[in-house]
Amino acid sequence: MSGVSEPCGKILSLFTGKVESLWPGKAASAINKQLADGSLDLEEHGFVDDRQADLKVHGGPEKAVHHYASEHMEFWRGMFPDHGSRFVPGCFGENVSTTGLDEDNLCLGDILSFGTARVQVCQGRQPCWKLNEHTGIAEMAATFQKTARTGWYYRVLENGIVAAGGDMKLLDRSHPQWSLKRLIKARFDPNLAVEDALGLSRLSDLSASWRRAFGKKSQSGFRENTDARLLGA
């Protein structure tokens, strides 16, 4: 393992949610995650007690667990001071909050211990309009994406039991050249080099949906319209 530094994280808290009708006239969501007590069972599709509203774009084996770095909360308090009290672990609908792990020191394909389970980094988060509604900040999803502080998703390689207070340790690294920050910026870069897009589209450790997206980005003249996702338009 080389390139990006080899990290170790501490699990601060775990969160699960249920599907709720949160906003009049809009689609239901499970973004309003709540702090979980005790140990949680982790399986292929995520924590046993966690739910997602729209399984076409949320959840599934390649979005089993959403991880967000607690260290980013200070950045968001500075970015949106009028909403500063909102920015605490769990506020973005993540499943796990830690110290020591972030988009700078993790890479695509990294395998980590997670309690007695093993998980693999497979993509960043692609924020949508529900983040705007949830936080009460109209530009939240777009800013989230622009800063590459999106958090990331795991696929579960080995089921297990997870509890707050435990460590997350890097077990294997296969793509040190693709830090999560670089990967996320590439995903949302309208001018990404064709060779980078094509190369990423062929990496089996990347989620299938992001491989397809990079495949499209490798095509001459392709332009992605993100209005519907970011604004709900």
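The values are calculated or read from the model by the stated rules, or taken from the named source; none is laboratory data. Model, not experiment: these values are computed from the prediction. Backbone-built Cβ (ideal geometry, glycine too); neighbour counts: all protein chains shown. Side chains included, ligands, DNA and RNA excluded: accessible areas come from the protein's heavy atoms. Shrake-Rupley method; radii C 1.70, N 1.55, O 1.52, S 1.80 Å.
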Output for Cβ contacts, cut-off 6 Å, separation at least six or different chains, first residue under 13 Å from Pro127 (Cβ atoms) in region 89-101, second part of a loop (DSSP other than H, G, I, E, B), reads Gly93/Ile31; Gly93/Lys33; Glu94/Gly151
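Could you identify the single residue in Val162, Val194, Val156 that is among the β-branched types (Val, Ile, Thr), modelled with pLDDT of 95 or more and farther than 20 Å from Arg125 by Cβ? Talk me through it step by step, then tell me what you get.
Working: Val162 fails: farther than 20 Å from Arg125 by Cβ; Val156 fails: farther than 20 Å from Arg125 by Cβ.
Going through Val162, Val194, Val156 in turn, just one is among the β-branched types (Val, Ile, Thr), modelled with pLDDT of 95 or more and farther than 20 Å from Arg125 by Cβ: Val194.
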Assess whether Gly215 counts as being closer than 26 Å to Glu71 by Cα, touching a residue at least 12 places away in the same chain (Cβ under 8 Å) and either open to solvent by less than 40 Å² (accessible area, probe 1.4 Å) or not basic (Lys, Arg) (or both). no
Looking only at residues that are polar (S, T, N, Q) and free of Cβ contacts under 8 Å to residues at least 60 places away in the same chain in region 190-212, which one is least open to solvent (accessible area, probe 1.4 Å)? Ser201
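Any chance you could count how many residues in region 74-130 are β-branched (Val, Ile, Thr) and more than 23 Å from Ser179 (Cα to Cα)? Full working, then the answer.
Our first condition is that a residue be β-branched (Val, Ile, Thr); within region 74-130, this holds for 88, 96, 98-99, 111, 116, 119, 121.
From what is left, the residues that are more than 23 Å from Ser179 (Cα to Cα) are 88, 116.
Residues in region 74-130 being β-branched (Val, Ile, Thr) and more than 23 Å from Ser179 (Cα to Cα): 2 in total.
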Is there any pair linking a residue in region 157-183 that is among the hydroxyl-bearing types (Ser, Thr, Tyr) to one that is assigned to a strand (DSSP E or B), with Cβ under 6 Å and at least six apart or on different chains, and which? Ser179/Cys107
If we keep only residues of region 77-134 that are open to solvent by 20 Å² or more (accessible area, probe 1.4 Å) and closer than 20 Å to Pro61 by Cα, then the residue farthest from the chain's Cα centre (by Cα) is Thr116
Just a yes or no: is a residue in region 113-128 farther than 20 Å from His72 by Cβ, of a type outside the set (Asp, Glu), in contact with a Cys (Cβ under 8 Å, 6 or more places away or on another chain) and outside any helix (DSSP H, G or I)? no
Where residues in region 170-189 are under 18 Å from the mean Cα position of the chain (by Cα) and open to solvent by 50 Å² or more (accessible area, probe 1.4 Å), which of them is farthest from Glu6 (Cα to Cα)? Asp189
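Take the residues in region 21-47 that are among the charged types (D, E, K, R) and at pLDDT below 95, then tell me which one is most open to solvent (accessible area, probe 1.4 Å). Step through it out loud before you land on a result.
Start the filter on region 21-47 by keeping residues that are among the charged types (D, E, K, R), which leaves 26, 33, 37, 41, 43-44.
Among the residues that remain, those that are also at pLDDT below 95 are: 26, 37.
Numbers: Lys26: 96, Asp37: 132 Å².
Result: Asp37.
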Looking only at region 144-162, which residues are surrounded by fewer than 19 Cβ atoms within 10 Å (Cβ to Cβ), farther than 12 Å from Glu103 by Cβ, out of contact with any Gly (no Cβ under 6 Å at 6 or more places or on another chain) and of a type outside the set (D, E, K, R)? Leu157, Asn159
